[in-house]
1. Scan the range 158-193 for residues that are assigned to a strand (DSSP E or B) and under 19 Å from Gln242 (Cβ atoms) and report the count.
2. Kindly list, by first and then second residue, each pair from a residue in the range 257-285 that is of a type in the set (D, E, K, R) to a residue that is surrounded by 11 or more Cβ atoms within 10 Å (Cβ to Cβ) and in a helix (DSSP H, G or I), limited to pairs with Cβ atoms under 6 Å and residues at least 6 apart or on different chains.
3. Determine whether the range 154-164 contains at least one residue that is under 28 Å from the mean Cα position of the chain (by Cα), among the polar types (S, T, N, Q), loosely packed, with under 11 Cβ neighbours inside 10 Å and over 17 Å from Leu237 (Cα atoms).
4. Among the candidates Leu166, Leu139, Leu189, single out the residue that is among the aliphatic types (A, V, I, L, M) and modelled with pLDDT under 90.
5. Give Phe285, Phe187, Phe201 a once-over and let me know the one that is under 28 Å from Val66 (Cα atoms) and of a type in the set (Phe, Trp, Tyr).
6. Could you list, in sequence order, all residues of the range 31-86 that are modelled with pLDDT of 65 or more and β-branched (Val, Ile, Thr)?
7. I'm told Ser278 meets every condition in (1) surrounded by fewer than 19 Cβ atoms within 10 Å (Cβ to Cβ); (2) within 22 Å of Glu96 (Cα to Cα) except one. Can you identify the failing condition by its number?
8. In this structure, does Asn184 turn out to be at pLDDT 90 or above and in contact with a Ser or Thr (Cβ under 8 Å, 6 or more places away or on another chain)?
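The values are calculated or read from the model by the stated rules, or taken from the named source; none is laboratory data. In this text the structure is predicted, and so the values were computed from the model without any measurement. Please note: Cβ atoms are built from the backbone with ideal geometry, for glycine as well, and neighbour counts cover all protein chains shown.
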Amino acid sequence: MASVFLSHNYKDKAFARKLAAMLSENGVKVWIDEAELKVGDSLTQKIGSAIESTDFLAVVLSHSSVNSPWVQKELALAMQKELAERRVTVLPILKEACEIPPFLKDKLYADFTDPTSFETSVGRLLHALGVEKPTYEKLIEKAHVQPAPVEPAPEELEGFQDIHLLDVDKEKTYNPNPEKVLYNIYFRLSDHPPSEWVEIFEAERQFPRHNMWRKAWIEGKYVVVYCVPEEIKQYHLRDIKQDVETCNEKYRQYLHREAMQRAREDQRETKEKKAIDSALDGLDFA
């Protein structure tokens with residue numbers, strides 16, 4: 001049984017859990033921090049031991065993870081192990097388009113940026129881990145059951161209404177530090193954004209797009225920009241409009257991906273049950 005340490009940033013937790021579950025279903029022993037760490041454990045010692053004892057380290061690359069000190073430490077330990085053992089043990093997993101660390105650029109990565117090809121990417125990763133074929137595919141083949149095409153669940157997407165930027169709330173605007181000329185300026189949103197939408201917003205704001213880039217965050221039904229008021233018209237209103245539109249689009253992609261994944265899981269469970277029923281039918285107990 002192959003074993004893998006799944007290195008990831010906490011903002012990619014949902015993706016890591018989903019990937020870990022599918023790898024486990026196909027015979028891979030997965031080390032993921034939330035399942036293995038206990039209260040009182042030494043993080044450095046426990047994680048170092050886990051990396052040393054597993055066959056591979058699969059690192060989830062995203063805007064959040066490439067800047068994460070913990071992920072960088074885990075990668076450094078794994079790369080030392082790879083050099084010492086003179087074999088490939090570090091497997092990059094590209095969750096979204098981001099700046100790949102220089103020492104990983106010459107490695108072939110598993111591309112998970114297209115949500116519609118998630119299972120295909122898992123299959124390639126399983127191959128790299130030494131797993132010939134996913135267990136559920138073997139059962140389906142044995143029962144001669146062909147998987148049906150998966151259709152997206154439109155109700156998942158229809159339930160979300162795009163969030164819009166309405167206006168600026170002058171009453172809430174204030175200066176948190178009188179020694180500076182920077183204000184917290186509140187832009188009202190049409191609705192409270194879901195937590196995943198907020199995470200997308202935070203990721204979009206991590207990388208400055210011009211020299212006048214300012215800190216911005218979500219606070220309830222508001223986007224708050226920490227800036228000089230005179231900068232709003234020339235720079236920040238355009239940025240915030242673009243960020244809100246991008247978050248709506250990426251959140252819809254997230255909903256589509258979640259709906260597709262649930263549909264695939266339901267399909268897989270159905271096919272597995274048919275395969276098992278077929279294998280157990282007609283047994284002779286005479």
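1. In the first step, residues of the range 158-193 are kept if they are assigned to a strand (DSSP E or B); the result is 165-174, 183-189.
Those still in the list that are under 19 Å from Gln242 (Cβ atoms) too: 165-168, 185-189.
Count: 9.
2. Close Cβ pairs (under 6 Å, with a partner that is surrounded by 11 or more Cβ atoms within 10 Å (Cβ to Cβ) and in a helix (DSSP H, G or I)) amount to Arg257/Pro115; Arg268/Tyr136; Lys271/Ile140; Glu272/Tyr136; Glu272/Leu139.
3. Yes, the conditions are met somewhere in the range 154-164.
4. Numbers: Leu166 fails: modelled with pLDDT under 90; Leu189 fails: modelled with pLDDT under 90.
Leu139 is the lone residue from the list that is among the aliphatic types (A, V, I, L, M) and modelled with pLDDT under 90.
5. On the way: Phe285 fails: under 28 Å from Val66 (Cα atoms); Phe187 fails: under 28 Å from Val66 (Cα atoms).
Unique residue meeting the criteria: Phe201.
6. Correct list: Ile32, Ile51, Thr54, Val59, Val60, Val66, Val71.
7. Failed condition: (2).
8. Numbers: at pLDDT 90 or above: yes; in contact with a Ser or Thr (Cβ under 8 Å, 6 or more places away or on another chain): yes.
Considered against the rule, which asks whether it is at pLDDT 90 or above and in contact with a Ser or Thr (Cβ under 8 Å, 6 or more places away or on another chain), Asn184 comes out as yes.
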